Amino acid sequence: MRDILITLIVLGSLPLALKRPWIGVLMWVWISVMNPHRLSWGFAYEFPFAAIIAGVTLVGVLITRDPKNFPVTPITITLLLFTLWMNVTTIFAFFPDDALVRLSQVNKIMLMTVVTAMLIKTRQHINYLVWALIISVGYYGVKGGVFTILTGGGSIVWGPPGSLIEGNNEVALAFINIIPLMFYVRMVSENKWVRHAMLVSMPLCAVAAIGSYSRGALLAVAAMLFFLWLKSPKKLVPAIVIILLIPVAVAFMPEKWTERMDTISTYKEDASAMGRINAWYLAFNLANDRPLVGGGFELWKGPIFRMYAPDPEDPHAAHSIYFQALGEHGWVGFILYMSLCLLTWRKTSWIVRQARGSPELAWAGHLANMIQVSLVGFAVGGAFLSLVYYDVQYYLMMAVVATGVLVEKTLAEKKLASQRAAAVPPLAPPARAGII
């Protein structure tokens, strides 16, 4: 039944995606992030829904007359340069066959990210994109939160199988990434049921992140809550709520969860933590040896550890967005990736400043604020996860680009209206009638 339902939804959306390609972008986000077909057990499980949607969307881009110009901004140019550089480093990869497979997956993500930048233009489009992300990740967050409560935190929350966020650590970061977007929807929505739904969904996603047993997620939640508190205009009430809720949440979890979190302070005694540090040393040593191209995709294997790692017999994945970019794409790739993140942060800060005191831009300020909170959570949690190619971060970047373009357009229109008003001479007073 699930197979048929998902197939009908996708097939039914194809004519819409052909006529309105931005709908195809939303469907792509839903399929690629949520992976709803992985919730089935029949033919739909391995069916290439994402490829079909992408193909139809690209055809729609070619044949429709909808505005589809690519926004040329520092963020989008850096994104293109980063994508180009990943293709270059693949030529020099240690394991070219494996690297080509990963490059194909990454290029698909980057292609649809570019298409997203071309088609997501209006405030309505941006809100639809935010909703697509909330539904895609929030489904697992709400489900995981309920599961954690019902099991008393006795079982680990996992992500959708076969996806980038299948692992417990990865899906926990996805939950953290999406909570600020829920907060944004609650702030701007006029529908009370939507606001109530977000009010319930946010804590459930936070509980699901805790129920993942991810130590990185715990640190990311702490960083995100602290930054959210800094952003709050009224700091006393949120501080009281946070201080009261955190001990309750921790006390609710079983002893084995507490024991795992305690290893944060004793990481030198934890084999997993030391394995990650070993991989980080490998990335740094490799980048210094091959500063331009690094080792290419999928380098985290025994032979490379024997060449560059302090412990040659303890191979691990990168477990860090920073060291993953550094090791796989050298110092050039690392600088491009970090520039992409910093430029996005800079643009959100600019949007917040421009929206301050402007009622028509309040939504943009709220969105930029919450994307900043999301970026903080991702920056901290991503320090312990191999998620450089996690597509949600790139869709959020394109949402920032689209929002920035709309803010610039609004400011330009206001400036033009002001100039026109200043150029019109004041009306002369009516002449007085003469006395006869």
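Can you name every residue in the stretch 186-219 that is of a type in the set (Gly, Ala, Ser), in a helix (DSSP H, G or I) and at pLDDT below 80? Correct list: 216, 217.
Among the residues here, residue 285 qualifies as at pLDDT 90 or above and among the polar types (S, T, N, Q). Pull up the stretch 102-152, narrow it to residues that are among the aromatic types (Phe, Trp, Tyr) and surrounded by fewer than 18 Cβ atoms within 10 Å (Cβ to Cβ), then point me to the one that is farthest from residue 87 (Cα to Cα). Step by step, filter the stretch 102-152, then rank; the result is 139.
When the residues of the stretch 349-368 are filtered to those that are among the small types (Gly, Ala, Ser) and buried (at least 19 other Cβ atoms within 10 Å of the Cβ), the one that is nearest to residue 178 (Cα to Cα) is 368.
Within the bounds of the stretch 151-167, is there any residue that is in a helix (DSSP H, G or I) and in contact (Cβ under 8 Å) with a residue 12 or more places away in the chain? Looking through the stretch 151-167, none of the residues is in a helix (DSSP H, G or I) and in contact (Cβ under 8 Å) with a residue 12 or more places away in the chain.
Out of the stretch 332-388, which residues are outside any helix (DSSP H, G or I), without any contact (Cβ under 8 Å) to a residue 60 or more places away in the chain and aliphatic (A, V, I, L, M)? Walk me through it before giving the result.
Narrowing the stretch 332-388 to residues outside any helix (DSSP H, G or I): 356-358, 385-388.
Subset that is without any contact (Cβ under 8 Å) to a residue 60 or more places away in the chain: 356-358.
Of everything in the stretch 332-388, nothing turns out to be outside any helix (DSSP H, G or I), without any contact (Cβ under 8 Å) to a residue 60 or more places away in the chain and aliphatic (A, V, I, L, M).
Taking the criterion of being in a loop (DSSP other than H, G, I, E, B), surrounded by fewer than 22 Cβ atoms within 10 Å (Cβ to Cβ) and of a type outside the set (Asp, Glu), the residues of the stretch 301-331 that qualify are 301, 310, 312, 315, 316, 317.
Does any residue of the stretch 389-412 turn out to be crowded, with 19+ Cβ neighbours inside 10 Å, aromatic (Phe, Trp, Tyr) and touching a Lys or Arg at 6+ places or on another chain (Cβ under 9 Å)? The answer is yes; a qualifying residue exists.
The values are calculated or read from the model by the stated rules, or taken from the named source; none is laboratory data. For clarity, every value in this text was computed on a predicted model and none was experimentally measured. Reconstructed Cβ throughout: ideal geometry from the backbone, glycine too, with neighbour counts over all protein chains shown.
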